[in-house]
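First up is the structure itself, then whatever we jot down about it.
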Amino acid sequence: MKDRPDALLVLPTTRLDAQQKQLAELTTQSRLPALYNKSAFAEAGGLMAYGARYLDFFQRSAAYVDKILKGASPGELPVEQPTRFELVVNLKTAKTLGVKIPNSILVRADKVIE
């Protein structure tokens, strides 16, 4: 029986957001491939990230604040869901982990870190 996981899926949490670099280093040192929800994790050394573009959240938030300051009722504003997602692959980390990323993933990636 195997005592360790094959990979790790890191779910969104503000506690982990503050530890991006440390978590990426820990998973790489442990030779544990990990998929994160924010591109910043992959940029900090994590293997891959797939999730909503956070820049879009900030821009949409500013638009909401503008509408509220101009008199709109917050309760009447529509609820929005993300429409743009990004995939970031860190090939340097993949090489360190001995993981082969298929070309079908690389061609779909918004950013490939080499």
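In the list THR27, THR83, which residue meets the criterion of being of a type outside the set (D, E, K, R), surrounded by 14 or more Cβ atoms within 10 Å (Cβ to Cβ) and more than 12 Å from the chain's Cα centre (by Cα)? Before the answer, list the steps.
Numbers: THR83 fails: surrounded by 14 or more Cβ atoms within 10 Å (Cβ to Cβ).
On inspection, the qualifying residue turns out to be THR27.
What number goes with the only condition from (1) under 13 Å from the mean Cα position of the chain (by Cα); (2) within 20 Å of LYS92 (Cβ to Cβ) that TYR54 does not pass?
(2)
Return the residues of the stretch 86-95 that are part of a helix (DSSP H, G or I) and under 19 Å from the mean Cα position of the chain (by Cα); say none if nothing qualifies.
Of the stretch 86-95, the ones part of a helix (DSSP H, G or I) are 91-95.
Hits for the stretch 86-95 are LEU91, LYS92, THR93, ALA94.
Among the residues of the stretch 47-77, which ones are surrounded by 16 or more Cβ atoms within 10 Å (Cβ to Cβ) and at pLDDT 95 or above?
Of the residues in the stretch 47-77, the ones surrounded by 16 or more Cβ atoms within 10 Å (Cβ to Cβ) are 47-53.
Listed by number, the residues that qualify are LEU47, MET48, ALA49, TYR50.
Being of a type in the set (S, T, N, Q) and at pLDDT 95 or above is the filter here; which residues of the stretch 79-95 pass it?
So the first thing to find is which residues in the stretch 79-95 are of a type in the set (S, T, N, Q), and the list is 81, 83, 90, 93.
ASN90, THR93 - these are the residues of the stretch 79-95 that are of a type in the set (S, T, N, Q) and at pLDDT 95 or above.
Quick test for you: out of ALA72, ALA42, ALA18, ALA49, pick the one residue that is of a type in the set (A, V, I, L, M) and touching a residue at least 60 places away in the same chain (Cβ under 8 Å).
Working: ALA72 fails: touching a residue at least 60 places away in the same chain (Cβ under 8 Å); ALA18 fails: touching a residue at least 60 places away in the same chain (Cβ under 8 Å); ALA49 fails: touching a residue at least 60 places away in the same chain (Cβ under 8 Å).
Selected residue: ALA42, the only one of ALA72, ALA42, ALA18, ALA49 that is of a type in the set (A, V, I, L, M) and touching a residue at least 60 places away in the same chain (Cβ under 8 Å).
The values are calculated or read from the model by the stated rules, or taken from the named source; none is laboratory data. Note that the coordinates shown come from a computational prediction; the quantities given were computed from them, not determined experimentally. Because the Cβ atoms are built from the backbone with ideal geometry, glycine has one as well, and the counts that use them run over all protein chains shown.
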